[in-house]
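Notes to accompany the following structure.
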Amino acid sequence: MQFHIKNMSCGGCVRSVTGAVQSVDPAATVTPDLANRNVEVASNRPRDVLEAALAKAGYPAAPGGH
């Protein structure tokens, strides 16, 4: 699933976003697209769980592609 993370602007942000996703699903694969501020996440966890983890880390997410 894709997420658009408006305030993801650097490599440190990517590491934080990846850590947030993997805090709720250690097996998740996170593929960042920093130029477009999107991440593709391969996870078995529900979208709302991932969104909550991202928001808690300070990276609120919208559906990808925006």
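A few remarks follow.
- Annotation: Gly58 fulfils all but one of (1) out of contact with any Pro (no Cβ under 6 Å at 6 or more places or on another chain); (2) on the phi < 0 side of the Ramachandran plot; the unmet one is (2).
- Being open to solvent by 50 Å² or more (accessible area, probe 1.4 Å) and of a type outside the set (S, T, N, Q) holds for only one residue in Ala35, Ala28, Ala61, and it is Ala35.
- Residue ID - surrounded by the fewest Cβ atoms within 10 Å (Cβ to Cβ), chosen from residues in the range 38-58 that are among the polar types (S, T, N, Q) and farther than 10 Å from Met1 by Cβ: Asn44
- Here is the figure for the range 14-51: residues that are out of contact with any helix residue (DSSP H, G or I) (no Cβ under 8 Å at 6 or more places or on another chain) and part of a helix (DSSP H, G or I) total 9.
- Test: residue in the range 37-49 that is in contact (Cβ under 8 Å) with a residue 60 or more places away in the chain, touching an Asp or Glu at 6+ places or on another chain (Cβ under 6 Å) and not hydroxyl-bearing (Ser, Thr, Tyr): no
- In the range 1-13, of all residues being in a loop (DSSP other than H, G, I, E, B) and touching a residue at least 40 places away in the same chain (Cβ under 8 Å), the one that is farthest from Pro60 (Cα to Cα) corresponds to Met1.
The values are calculated or read from the model by the stated rules, or taken from the named source; none is laboratory data. Computed from a predicted model, the values in this text were never measured in an experiment. Quick reminder, even Gly has a Cβ in these numbers, built from the backbone with ideal geometry, and neighbours come from all protein chains shown. Keep in mind that these areas ignore ligands, DNA and RNA; they rest on the heavy atoms of the full protein, side chains included. Shrake-Rupley method; radii C 1.70, N 1.55, O 1.52, S 1.80 Å.
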